[in-house]
Amino acid sequence: MRGGVTGPVTVRAGASLVATGGRITGTLSASGPAAVHLLGTGVHGALSVSNAKELTVVGAHLRGAALLTGNTAPILSGTTVKGGLACSGNTPAPVDLGVQNTITGAGRCAELAAGPKGRAYEAVQHTVE
């Protein structure tokens, strides 16, 4: 997906969503997807991803509550979350690849907020410009 979408977006079980630099205005929900990749993407609404085989959120801007549950090896890196962030049951816990997130969080995502900045951080920030 490139560009923008208005309204709720639902990713069905086994399906995938790859959004690069676009914006979703409305809720984004995915239950049992093969993959959800948000790369430099804005989500202006609630985000809920559960039981994804692949979950990558890099350089994204989330403006709503985010819930990440039961996902396999999730990545949340260089992302801004303005709303609550809750994580549970992810195996392993989400990682930030050493690139700081700006978040308010609870659960196993809370430790992501304090990652160091470096070259990887700068590279992620350039993906959203």
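The values are calculated or read from the model by the stated rules, or taken from the named source; none is laboratory data. These numbers come from a predicted model, not from an experiment. With ideal geometry, Cβ positions are generated from the backbone for all residues, glycine too; neighbour counts draw on all protein chains shown.
What to note about this one:
- Positions within segment 66-86 being among the hydrophobic types (A, V, I, L, M, F, W, C) and under 11 Å from the mean Cα position of the chain (by Cα), in sequence order: Ala66, Leu67, Leu68, Ile75, Leu76, Val81, Leu85
- Filtered residues of segment 27-43 (kept if touching a residue at least 24 places away in the same chain (Cβ under 8 Å) and small (Gly, Ala, Ser)): Gly40
- The residue that is modelled with the lowest pLDDT, among those in segment 1-17 that are closer than 20 Å to Val81 by Cα and assigned to a loop (DSSP other than H, G, I, E, B), is Gly7.
- The set of residues from segment 59-101 being of a type in the set (Val, Ile, Thr) and surrounded by 24 or more Cβ atoms within 10 Å (Cβ to Cβ) comprises Thr79, Val81, Val99.
- Residue in segment 65-76 that is of a type outside the set (A, V, I, L, M) and under 23 Å from Gly4 (Cα atoms) present: no
- The single residue among Leu47, Leu17, Leu38, Leu28 that is crowded, with 20+ Cβ neighbours inside 10 Å and out of contact with any Ser or Thr (no Cβ under 9 Å at 6 or more places or on another chain) turns out to be Leu17.
- Any hit, segment 18-27, residues being under 24 Å from Thr6 (Cα atoms), of a type in the set (Lys, Arg), at pLDDT 90 or above and in contact with a Lys or Arg (Cβ under 6 Å, 6 or more places away or on another chain): no
- Some residue of segment 55-67 being within 21 Å of Arg12 (Cα to Cα), at pLDDT 95 or above and of a type in the set (S, T, N, Q): yes
- Cross-chain or 6+ apart pairs with Cβ under 6 Å, segment 8-26 first and closer than 16 Å to Val57 by Cα, then of a type in the set (Ser, Thr, Tyr): Ala19/Thr41; Gly22/Thr41
- Per-region count, segment 26-51, residues under 12 Å from the mean Cα position of the chain (by Cα), among the hydrophobic types (A, V, I, L, M, F, W, C) and in a loop (DSSP other than H, G, I, E, B): 1
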